[in-house]
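Peer 1: There's a structure below that I have some questions on.
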2 protein chains.
Amino acid sequence: MPVRQGRYTLLLPSMPGISGYAAVAGKKESEGPLGNAFDYIYEDGMAGKKSWEKAESVLHRDAVTRAISKAGISPEDADVIFAGDLLNQCTGTTFGIRELGIPFAGVYGACSTMALSMAMASVWVDGKVCNTAVASTSSHFCSAEKQFRMPLEYGGQRTPTAQWTVTGAGAAVITQKDCGAKIEKVIIGRIQDYGIKDPNNMGAAMAPAACRTIADFLTDTNTQPSDYDMILTGDLGSVGSELLCELMVKQENIDISSVHEDCGLMIFDIVRQKDTGAGGSGCGCSGAVVCSDILSRIENGELKRVLFVGTGALMSGVSSLQSESIPAVAHGVLLTGG
Amino acid sequence: MPVRQGRYTLLLPSMPGISGYAAVAGKKESEGPLGNAFDYIYEDGMAGKKSWEKAESVLHRDAVTRAISKAGISPEDADVIFAGDLLNQCTGTTFGIRELGIPFAGVYGACSTMALSMAMASVWVDGKVCNTAVASTSSHFCSAEKQFRMPLEYGGQRTPTAQWTVTGAGAAVITQKDCGAKIEKVIIGRIQDYGIKDPNNMGAAMAPAACRTIADFLTDTNTQPSDYDMILTGDLGSVGSELLCELMVKQENIDISSVHEDCGLMIFDIVRQKDTGAGGSGCGCSGAVVCSDILSRIENGELKRVLFVGTGALMSGVSSLQSESIPAVAHGVLLTGG
């Protein structure tokens, strides 16, 4: 049963295990540093479908199905799926999983969705609300670009602070079993809004939320950055990552720079893959990175304690056009090894 | 700690109490049968703001703030808020609650959001994951119409099966205290898709999901319709309600007609308020109905056992244009009196 530690953090005494996980991704992601880590690469961005949205649903379903299969169970054995994505009304998720017949609790956390869904799932498993819960998310460069920015055909120039939405999906099966990777603690974030209005600079909008959640977590647990092998943010990119490390020092007097990594900077090599701008973004970015490289390095003992903090910018195309600033939220999950 | 009853239902032995609830609504809603039940009426659909989206956020925040205040607490006392809405990227919610500083777990269930957020909140409270959780949602006729259908200025004719999106918001504070209204059981629904493609006939798309969840709940709990004072669906409207009662008989051999009510038919008098078509819809419909009339009738003993089943159509404007059918989901919450 989850136990509150400090004001915001939840300790999960049973340490729910991740019995299966999977990530699928697109061509550009396969050419990045983690190219070999993914379970399947979709060379065709349409995934054989007639629209990018339908393709995203294919990727989402594929990640979920693979994770369930790798956990050695079938969809009927899953008690609940916590899932969401970036598309309007979360259709990447709903059209992806509709045939699976798993009770569906939709979540929305923008690019923090993987952390939010893992947090929800692990709290239910630790509380013995269910035996087996799935957490998943997805994004697609083309469906996101079309929805949030410009028609792709327009070929508009991108600002250097802009991030590249990852085409990919990640899923994890969380159970009461003892597994090589576990979820030990979770923290649900509070919305932060520092007045950033540039939708081409999400990293800057999200850094304060990551800062808030990391600082709350470290305070609640009475730990410091050196107690973790990695504090992994889920897609601040290069601009946001730099801002986060600065904010942590100036505002919280905590230096995380020696253990900080960012999913958006892991999935693309922004020097070599120049068009990816400040790095990867999108729900599928942290979804695909955590559910491949990170969890496998935890399982094989290379990483022992990873504080994964998913970050989400809670704006829409309409709110930006109405000159609203960009509120952001960050949710944290402490992933630990055997 | 929640205990599974049957395959899909969760029994909450501590019976989390609803210590505060509030509903705010617009002018047309104030002219309906429940006009006097709401905490506040916004005669101005813009709520003094420059856009309908900003107005929706005002309503959302107002409902949450009033519910918290009626519970006799302040926002800092709330451990988490489960909330969502219909707008792209759930901005009705995020811009509404961003200043409150409550840890925010976004949920997405389209018009089933009130039931989903109450389910999430009560499971956490029953599992002692937190002391106090807020559940809330909102919708706005103009922001929804603009997003999903036609520019309002176009003045297009509405089909008779179309429902009228409610301008309103509802919020409930759920705690470990003993209260006049409690949450005794919850069920998370499975997506159903019967191939309905008409976005002007959401009731028909959602009826199968309501049927599935109600039948699962009755089977799991070994109860029958007569064990409830009311089986309340959250906005099937007249077309969907008729279909639901038919489906329940034909498919499940269960007659719910004597206890069935629908939030969409309670909030508007579709005979007198002709332009509301088949009845109310939108997240705010069941949000406002449950967090006013229903909970107060439970508190005063008029209703003892209400199975509230929120129904959501999981489509988007894009999925409809791409000729997709409309998947739907329904989540249930058993509300009981003292």
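The values are calculated or read from the model by the stated rules, or taken from the named source; none is laboratory data. Every value quoted in this text rests on a predicted model; they were computed, and no experiment measured them. Every residue, glycine as well, gets a Cβ built from its backbone with ideal geometry; the counts of neighbours run over all protein chains shown. Ligands, DNA and RNA are excluded from the accessible area calculation, which covers all protein heavy atoms including side chains. Shrake-Rupley method; radii C 1.70, N 1.55, O 1.52, S 1.80 Å.
Peer 1: Tell me which of these B:Leu86 doesn't satisfy, since it passes every other one: (1) within 14 Å of another protein chain (Cβ to nearest Cβ); (2) over 21 Å from B:Ala144 (Cβ atoms); (3) open to solvent by 10 Å² or more (accessible area, probe 1.4 Å).
Peer 2: So the condition that B:Leu86 fails would be (2).
Peer 1: Within the stretch B:157-179, work out how many residues are under 26 Å from B:Glu29 (Cα atoms) and surrounded by fewer than 21 Cβ atoms within 10 Å (Cβ to Cβ).
Peer 2: Final tally of qualifying residues: 5.
Peer 1: Looking only at the stretch B:1-56, count how many residues are open to solvent by 10 Å² or more (accessible area, probe 1.4 Å) and closer than 30 Å to B:Gly127 by Cβ.
Peer 2: Number satisfying all stated conditions: 14.
Peer 1: Kindly provide the set of residues from the stretch A:285-338 that are touching a residue at least 60 places away in the same chain (Cβ under 8 Å), more than 14 Å from every other protein chain (Cβ to nearest Cβ) and among the small types (Gly, Ala, Ser), ordered by number.
Peer 2: Correct list: A:Ser286, A:Gly287, A:Ala288, A:Ser292, A:Ser296, A:Gly337, A:Gly338.
Peer 1: Confirm whether A:Thr137 is hydroxyl-bearing (Ser, Thr, Tyr) and within 15 Å of the chain's Cα centre (by Cα).
Peer 2: yes
Peer 1: Give the number of residues within the stretch A:180-208 that are within 25 Å of A:Ala25 (Cβ to Cβ), within 14 Å of chain B (Cβ to nearest Cβ) and open to solvent by 10 Å² or more (accessible area, probe 1.4 Å).
Peer 2: Residues meeting the conditions: 2.
Peer 1: Separate question: Which residue pairs have Cβ atoms under 9 Å apart, sit 6 or more places apart or on different chains, and have a first residue in the stretch A:142-162 that is touching a residue at least 24 places away in the same chain (Cβ under 8 Å) and more than 21 Å from A:Gln322 (Cα to Cα) and a second that is of a type in the set (Phe, Trp, Tyr) and open to solvent by 50 Å² or more (accessible area, probe 1.4 Å)?
Peer 2: Hits for this filter: A:Cys142/A:Trp52; A:Ser143/A:Trp52.
Peer 1: Please determine, by comparing only the residues of the stretch B:92-131 that are within 7 Å of chain A (Cβ to nearest Cβ), closer than 20 Å to A:Leu10 by Cα and among the small types (Gly, Ala, Ser), which one is most open to solvent (accessible area, probe 1.4 Å).
Peer 2: By that ranking, first place goes to B:Gly101.
Peer 1: Something else now. For the stretch B:256-265, indicate whether the set of residues that are of a type in the set (A, V, I, L, M, F, W, C) and open to solvent by 10 Å² or more (accessible area, probe 1.4 Å) is non-empty.
Peer 2: There is at least one residue in the stretch B:256-265 that is of a type in the set (A, V, I, L, M, F, W, C) and open to solvent by 10 Å² or more (accessible area, probe 1.4 Å).
Peer 1: State which residue is farthest from B:Gly332 (Cα to Cα) when the search covers only the stretch B:209-243 and only residues that are part of a helix (DSSP H, G or I) and open to solvent by 70 Å² or more (accessible area, probe 1.4 Å).
Peer 2: Top of the filtered list is B:Glu242.
Peer 1: Within the stretch A:191-203, can one find any residue that is free of Cβ contacts under 8 Å to residues at least 60 places away in the same chain and in a helix (DSSP H, G or I)?
Peer 2: No, there is no match, as no residue in the stretch A:191-203 is free of Cβ contacts under 8 Å to residues at least 60 places away in the same chain and in a helix (DSSP H, G or I).
Peer 1: Now for a different question. Return a yes/no flag: does the stretch A:214-228 have any residue that is more than 22 Å from A:Tyr8 (Cβ to Cβ) and in contact with a strand residue (DSSP E or B) (Cβ under 6 Å, 6 or more places away or on another chain).
Peer 2: Going residue by residue through the stretch A:214-228, those that are more than 22 Å from A:Tyr8 (Cβ to Cβ) are none.
No, the stretch A:214-228 contains no residue that is more than 22 Å from A:Tyr8 (Cβ to Cβ) and in contact with a strand residue (DSSP E or B) (Cβ under 6 Å, 6 or more places away or on another chain).
Peer 1: Could you tell me whether any residue of the stretch B:141-149 is over 30 Å from B:Asn200 (Cβ atoms), open to solvent by 20 Å² or more (accessible area, probe 1.4 Å), within 12 Å of chain A (Cβ to nearest Cβ) and not aliphatic (A, V, I, L, M)? Reasoning before the result, please.
Peer 2: Going residue by residue through the stretch B:141-149, those that are over 30 Å from B:Asn200 (Cβ atoms) are none.
Scanning the stretch B:141-149, I find no residue that is over 30 Å from B:Asn200 (Cβ atoms), open to solvent by 20 Å² or more (accessible area, probe 1.4 Å), within 12 Å of chain A (Cβ to nearest Cβ) and not aliphatic (A, V, I, L, M), so the answer is no.
Peer 1: Let me ask you something else. Mind counting the residues in the stretch B:48-74 that are touching a Gly at 6+ places or on another chain (Cβ under 9 Å), under 29 Å from A:Gly317 (Cα atoms) and more than 9 Å from every other protein chain (Cβ to nearest Cβ)?
Peer 2: 11
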